[in-house]
Structure formats: structure tokens, C-alpha cells
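Everything below concerns the one structure shown next.
The values are calculated or read from the model by the stated rules, or taken from the named source; none is laboratory data. Predicted model, so just to flag it, every value in this text is computed and none were measured. Quick reminder, even Gly has a Cβ in these numbers, built from the backbone with ideal geometry, and neighbours come from all protein chains shown. With ligands, DNA and RNA removed, areas are computed over all heavy atoms of the protein, side chains included. Shrake-Rupley method; radii C 1.70, N 1.55, O 1.52, S 1.80 Å.
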Amino acid sequence: MALTAVKGFNDILPDESGRWQYIEQTARRVFELNGFGEIRVPVMEKTELFCRSIGDATDIVEKEMYTFVDKGENSVTLRPEGTAGVMRAFIEHKMYAQDPIAKLYYMGPMFRYERPQKGRYRQFHQIGAEITGVNDPLADAQVLNMLTSFFREIGLTEPTLQINSLGCPECRPAYRAALRSFLEGRMGHLCEDCKRRFATNPLRTLDCKVPGCVEATAGAPSVLEHLCNDCDEHFGSVRRYLDLSATPYSINSRMVRGLDYYTRTTFEMVTGLLGSQSAVAAGGRYDGLISQLGGPAIPGIGFAMGLERVALLLGAQDFATVPDLFIATMGKGERDVAFCLMDGLLKAGVRVEMDYEGKSLKSQMRRADKLKARYSVVIGENEVTSERASFKHMADGVQTDTALTVAAVRSLVGKSAQ
RNA sequence: GUGGCUAUGGUGAAGCGGUUAACACAUACGACUGUGACUCGUACAUACGAGGGUUCAAAUCCCUCUAGCCACCCCA
């Protein structure tokens, strides 16, 4: 292979893009129904944006970003996630001046320098949604319900919702201290990574899969028992709203997030079908992010889902569209007539294919079959003079004689459409 | 970043040191002589991921690299 794509960067070929469009269209429909509008932001931002939002000490910022210096000597980074850029735009355009409540969604490629695996690539795609300006847990519940209905609409039952609360700057330090003192006595049982995490981010130890750590942290204090009154009430309301709308969920008090900006409600849509790539969508509240980025003190909540993973869950369903009609011609003389008929039908919204290169009738019919055309028609001298032709319904071989006019063909071919 | 496994045509694959790289699917053309799907015929890898080496002889053994997969890690 002389020239190949960059490692971890993939092509999406036409036989697969139908599935992607289906996911995107479903998301647009569900999100817009909920009052969200699309925002399109650049794939590249100043590096500082991500350091300040995601957190300097996170793995993403520390070792996974595509960061480089451009010709103007600015440090820029290919976005590793979407929320930071959307919030940057929200602040930069002072969108809050008109209305602090913004409901935004986005979709597009994200970039992270990780070891590629199934369901995890260096260029991957996310669809995300954000609500700003609402403190009330109603917003949390709407976001969760919207995410749940997206998966229902798309026809998947597998990813299931898990929720948790990470508390706020008021109560999290206390919890962290409680967890530390719990872990202190069990340091000997923790893996090397967790010993390090003890200092940097003790909450991570709860998420460790090493058997020894799972055992050692079995009786660890739960975040949920250390929430301050406001956070506890908030979380309770989220649950109540979810119950009111009969949204299924489970509570996972060990769920942690890899991005530093999350507060209070956090959640994941998880599946057991994707190996270690269990998170299909994830998100949470980020009440401090906007002010942290230099904007006003406006809260926010949102999520992102991984398109590659959703596509994997959908499996190899066939989303290909199929021609309504294939026009075959007997000889060069009839091609003008065929071309004009095709042109007229295309303008009338009928999907038509015809032979491009004057192949044998046999070849043309084979092609009609291969393309799964619903109807085929052969145009020769007889048809041209009589201005009528037999249209063959490919599935059962039944032929119908009809005038060679756009209107007549359209009504014949359109009859059994869909 | 750390382990492990794998690597033959468009695809799935045989081949396990010795003349023309099996087979199937897909593709192209043709036969059935103005109509596809079944059947039949023909064509289709200067070549076995790349580069070195061992050998009289390598797709088959060894080394390096690259890529993919799986697990860890991380996360969507």
C-alpha cells in the first residue's frame, strides 16, 4: 500500500454511511423536537481552552490531544470533545445576553491520540447537546429523557442509563477527604495506578477494575452520602422527575468522569456489547465551566454520544436506498430518448438509473438486478415509435405496458413506492 | 503508554520448505441469439503486509518494521 489513511482515522464508505445518516437524522429529529438548535463550531481551538475546561491533569489533556504550533506560532489543538468549544462560542457571542437559556446540539469529528481499538479511534464522531442557564433539575431530567428517547427512536434497547451525582465545590472536598481516609488503611491492597490516584484523584480508585482494588474499595464511602443539602435535594429531584416520566435508570455511585468540569448530576448510557468500550453516551452538569472560561456564572448540562459506538450497536442493517427504475436501451439510437426520460423522471423525484456505456442488454439487466431496481424498462426502436413500453416489476417479473411519459411512468413506478 | 495474538486477490479463505498459489463469493464479458435472478463458459494475485536474512529452493523458518485485532489504560 503506497498511501493509506493515518492510523486511527477511518473512511466511511457509502455502504456504511446510510447507517450514519440514520443516526444523525434521528438525533436531529429528537433534539429539535426538544427545542435544541444546531451549533457548528470549528474542529480546532486554542490549546488553552481545553486546558482550562477539561483540566490540566486529565489524561485527555496530558497525553491525548493533537496539539501543535501553527505558522503564526499559536498553540492550537484539534478538539478532543465538543462541550468546550460550544461554551467558548456561547461566551464569545454573548449568547446569554439575549437569553441565558440556550439549547444547543452539535455533531462532528473529535480527535484523541489513543491506541485504536474497536469502537475507539483517533478521529471519532460525537453528537452532543447542551442546555445552559437552568439550575433546576428539570433540565437534567429533560436531557436524560431526550437521550433515552433517542435510543428508543433509533431502535436500540441495549444501552441503559446510569446516573450519579458528583456533588459541588461545597461538598466534594469533604467527600474526597472521607474517601482518602478510608483508602489510607488499605493502601497495601491497591494497585500502583491507584496508589498514584490516591494523591491526584482518589475518586478514580472507585472505577479501577483490578480485582484487588475492587475488593479494597468494596466498603468505600459513597458520594451520595456526602452530598450537601442542596446537591442532595437536586439529585433527589432529578430522580423524581425520571420516575414521573417512567424513564428507566439505575444509580451507580462509583461512576466518575474523566473531565474535570463536571458537577452534580453525571450519567452514562452503558452497554455490555462493546467490550471495554462500554460507554455509548455520557455527560453531566457543569455549573462552573462557563465562569471558568471567563463567562458569567451560568450553569450548564449536556452529553455527548459516540457515533462509532452507536453504529456498532445498530449492526449491519441495510440502509441503502434503491432505484425505482432502471432504463435499458437496445442501441445507441434510443439513448437520447432514455436520457430525456431519465432526466424528466429525476426532476419529478423518481430515482432512476440507466446504462452509461452502451453495454449489452444482458449486462444492463444484470445491472438493474444488482442495483435492486424496483422496475426496469427496455427501450428500443419499437418503443420509440409507439411511445409506449413494458415496465417490468423486478420482484415478480410482471410487465406493465405504459406510455413513455414522465407522468405515466411516475404513477406506475410510484404506486408501490416504499 | 503496557501486554498478547494475527497479517495470502475486492471479500472469505486453502496452503505447514520443492515445478503453473486450491476453492468459494464478488467482478467483467459471453452462451440461453429484445429482458435480470437459476445454469454453463471464459477472464481475474509477476504474487502471499513491507524490508532484510537462512536455504540449492520460502507464502511456508528467523529478524526488523508497519498495520489490524483483543486486553490493560482511557473514554464517547
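Take residues that are without any contact (Cβ under 8 Å) to a residue 24 or more places away in the chain, of a type in the set (Ser, Thr, Tyr) and over 17 Å from A:Ala338 (Cβ atoms) and tell me which of the helices (runs of 4 or more DSSP H) falling wholly in segment A:354-418 contain 2 or more. First the steps, then the outcome.
Numbers: elements: A:361-370, A:381-386, A:406-415.
Result: empty, no element qualifies.
Just to be sure before I move on: is A:Ala102 in the same structural domain as A:Ile131 (by TED's automatic domain parsing) and either among the aromatic types (Phe, Trp, Tyr) or away from RNA strand B (no atom under 13 Å from the Cβ) (or both) in the structure I sent? Please lay out each step first, then the result.
Values: in the same structural domain as A:Ile131 (by TED's automatic domain parsing): yes; either among the aromatic types (Phe, Trp, Tyr) or away from RNA strand B (no atom under 13 Å from the Cβ) (or both): yes.
So A:Ala102 passes the test.
Here A:Phe124, A:Phe90 are screened, and the one residue that is over 18 Å from A:Gln292 (Cβ atoms) and among the aromatic types (Phe, Trp, Tyr) is A:Phe124.
Of these, A:Ile251, A:Ile290, A:Ile298, which one is more than 9 Å from RNA strand B (Cβ to nearest atom), of a type in the set (Val, Ile, Thr), within 26 Å of the chain's Cα centre (by Cα) and open to solvent by 30 Å² or more (accessible area, probe 1.4 Å)?
Numbers: A:Ile290 fails: open to solvent by 30 Å² or more (accessible area, probe 1.4 Å); A:Ile298 fails: open to solvent by 30 Å² or more (accessible area, probe 1.4 Å).
Exactly one of A:Ile251, A:Ile290, A:Ile298 is more than 9 Å from RNA strand B (Cβ to nearest atom), of a type in the set (Val, Ile, Thr), within 26 Å of the chain's Cα centre (by Cα) and open to solvent by 30 Å² or more (accessible area, probe 1.4 Å), namely A:Ile251.
Please determine whether any residue of segment A:64-78 is touching a residue at least 40 places away in the same chain (Cβ under 8 Å) and either open to solvent by 80 Å² or more (accessible area, probe 1.4 Å) or within 12 Å of RNA strand B (Cβ to nearest atom) (or both). Within segment A:64-78, one or more residues are touching a residue at least 40 places away in the same chain (Cβ under 8 Å) and either open to solvent by 80 Å² or more (accessible area, probe 1.4 Å) or within 12 Å of RNA strand B (Cβ to nearest atom) (or both).
Which helices (runs of 4 or more DSSP H) sit wholly inside segment A:124-243 and have at least 3 residues that are at pLDDT 90 or above, under 20 Å from A:Gly284 (Cβ atoms) and open to solvent by less than 20 Å² (accessible area, probe 1.4 Å)?
Details: elements: A:137-154, A:172-184, A:192-200, A:211-216.
In segment A:124-243, A:137-154 are the helices (runs of 4 or more DSSP H) which contain 3 or more residues that are at pLDDT 90 or above, under 20 Å from A:Gly284 (Cβ atoms) and open to solvent by less than 20 Å² (accessible area, probe 1.4 Å).
Here A:Thr26 fulfils each of the conditions (1) surrounded by 17 or more Cβ atoms within 10 Å (Cβ to Cβ); (2) more than 13 Å from the chain's Cα centre (by Cα) apart from (2). Only one of the numbered conditions (1) farther than 24 Å from A:Thr321 by Cα; (2) more than 6 Å from RNA strand B (Cβ to nearest atom) is not met by A:Arg374, and that is (1). Of all residues in segment A:261-287, those satisfying the criterion of being more than 14 Å from A:Glu158 (Cα to Cα) and open to solvent by less than 30 Å² (accessible area, probe 1.4 Å) are A:Tyr261, A:Tyr262, A:Thr263, A:Thr265, A:Thr266, A:Phe267, A:Ala282, A:Gly283, A:Gly284, A:Arg285, A:Tyr286.
Conditions (1) in the same structural domain as A:Leu259 (by TED's automatic domain parsing); (2) more than 31 Å from the chain's Cα centre (by Cα); (3) free of Cβ contacts under 8 Å to residues at least 60 places away in the same chain, marked per residue:
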residue: A:Ile163; (1), (2), (3): yes, no, no
residue: A:Ala178; (1), (2), (3): no, yes, yes
residue: A:Glu184; (1), (2), (3): no, yes, yes
residue: A:Glu192; (1), (2), (3): no, yes, yes
residue: A:Arg197; (1), (2), (3): no, no, yes
residue: A:Leu206; (1), (2), (3): no, no, yes
residue: A:Pro211; (1), (2), (3): no, yes, yes
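Give segment A:96-108 a look and list any residue that's under 26 Å from A:Asp136 (Cβ atoms) and surrounded by fewer than 19 Cβ atoms within 10 Å (Cβ to Cβ), or say none. Selection gives A:Tyr96, A:Ala97, A:Gln98, A:Asp99, A:Pro100, A:Ile101.
Yes or no, residue by residue, for (1) assigned to a loop (DSSP other than H, G, I, E, B); (2) more than 30 Å from A:Ala141 (Cα to Cα):
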{"position": "A:Val6", "(1), (2)": "yes, yes"}
{"position": "A:Asp11", "(1), (2)": "yes, yes"}
{"position": "A:Gly18", "(1), (2)": "no, yes"}
{"position": "A:Ile23", "(1), (2)": "no, no"}
{"position": "A:Thr26", "(1), (2)": "no, no"}
{"position": "A:Arg29", "(1), (2)": "no, no"}
{"position": "A:Val41", "(1), (2)": "yes, no"}
